[in-house]
Amino acid sequence: MAVSFHERSDMAAQVHLSPHPLVKHKLTLLRERSTDPTKFRQLVRELALLLTYEATADLAVAPRRVETPLAETTGYKVEEVVGLIPILRAGLGMVEGVWQLIPSAQVWHIGLFRDERTLRPVEYYNKLPVSPTVDLCLVLDPMLATGGSAIATVDILKRWGARRIKFMGLIAAPEGLARFTQAHPDVAVHLAAIDEGLNERGFILPGLGDAGDRQFGTA
Ligand code: PRP
């Protein structure tokens, strides 16, 4: 039986649901069947930007001197190198939104698709360099359904040697979220919403359809 998100206090500490009204508003527009790919891409970008603000609240900073037009004072510099790991295809659309806040972020793509029959993730692209080049990995994927793709991506990153990893998505199914938090209890999850569940084909309900197809006009 699926574990309810609300029944597991350990999961509640790991999972961050955005309380922001703009996130709720934009996610509703994203769900709407009549939203076309142009608008859909814009909303994914904007939601990614808003979630980035929340997901990076604990970035390490170091003091640095700064000269204003009037005086010298101490300011801050973000110390951590951030890496974005968009899961192809749908995660790609979130990159621009994060880049608007963190233009220096490195991007390392992971290609996975979900086998329609088994619902298991199949890896088809991975060009990570030999060892980690970033301090914080932000895994990007609008959808966490069974959780298989997100779990597999974090497995890849941990094998790579990544030490600090967060997952940033738009919507998740409770069953997939429970699987993910069990598999990777050390990885914080930032979301716009937790939906009702999965249908018999593994699609999130009420969901927003297929985020890859809707972004790229391939529905
Ligand atoms: C979708 C989605 C996630 C995955 C979620 O991608 O973008 O990557 O499914 O499902 P899971 O949690 O059950 O693994 P899809 O496989 O449709 O590939 P696409 O992004 O290329 O369309």
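The values are calculated or read from the model by the stated rules, or taken from the named source; none is laboratory data. The structure presented is a predicted model; accordingly, all values stated were derived computationally and were not measured. Here the Cβ is made from the backbone with ideal geometry for all residues, glycine too, and neighbour counts use every protein chain on show. With ligands, DNA and RNA removed, areas are computed over all heavy atoms of the protein, side chains included. Shrake-Rupley method; radii C 1.70, N 1.55, O 1.52, S 1.80 Å.
Structure above, values below:
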item	result
Distance (nanometres) between label positions extended 7 Å along Cα→Cβ at LEU22 and TYR53	0.4 nm
Additional length obtainable on full extension of the chain from ARG114 to GLU96, 0.36 nm per residue less Cα span	4.1 nm
Non-local Lys pairs in the chain, i.e. 8 or more apart or on different chains, that have alpha carbons under 22 Å apart	7
Acute angle (nearest 10 degrees) that the helix 37-55 long axis makes with the longest principal axis of the chain, alpha-carbon atoms	60 degrees
Net dipole in debye of the range 10-216 [+1 Lys, Arg Cβ; -1 Asp, Glu Cβ; about Cα centre; nearest 20]	280 debye
Dipole of the range 12-144 [Lys/Arg +1, Asp/Glu -1 at C-beta], most positive-end residue of THR38, TYR53, ALA105	THR38
Relative contact order computed over the chain (Cα-Cα under 8 Å; 6+ residues apart), in percent	24 percent
GLU72-ARG33 FRET efficiency (beta carbon distance; Förster radius 45 Å; 0.05 resolution)	0.20
Computed helical MRE - 222 nm, the chain, DSSP H runs ≥ 4 contributing -39500 (n - 2.57), nearest 500	-10500 deg cm²/dmol
Of all accessible heavy-atom area on the chain, the percent that carbon and sulfur account for (1.4 Å)	54 percent
By accessible area with a 1.4 Å probe, ligands and nucleic acids excluded, highest first: order of HIS20, HIS184	HIS20, HIS184
Whole-number accessible area per residue in Å² for the range 16-62, which is evaluated in the context of all protein chains at 1.4 Å	57 Å²
Computed lengthening from ASN126 to GLU196, 0.36 nm per intervening residue step minus Cα-Cα distance	22.0 nm
Amide proton proximity set for ARG164, modelled H, under 5 Å, gap of 5+	CYS137
Surface accessible to a 1.4 Å probe, per residue, for the residues of the range 159-200, Å²	40 Å²
The range 1-118 - percent relative contact order, Cα under 8 Å, separation 6 or more	21 percent
SER34 - accessible surface, heavy atoms, 1.4 Å probe, Å² rounded to 10	100 Å²
3J(HN,Hα) from dihedral phi, the range 194-207, Karplus parametrisation 6.51/-1.76/1.60, rounded to Hz, x for glycine, proline	10, 8, 6, x, 9, 8, 5, 9, x, 8, 6, 10, x, x
Selection from VAL122, LEU140, GLY75, by position along the positive dipole direction of the chain (Cβ)	VAL122
The chain: angle of helix 92-101 to the longest principal axis, Cα-based, in degrees nearest 10	20 degrees
Paired Rg and Dmax values of the chain, which use every Cα atom, in angstrom	17.7, 65
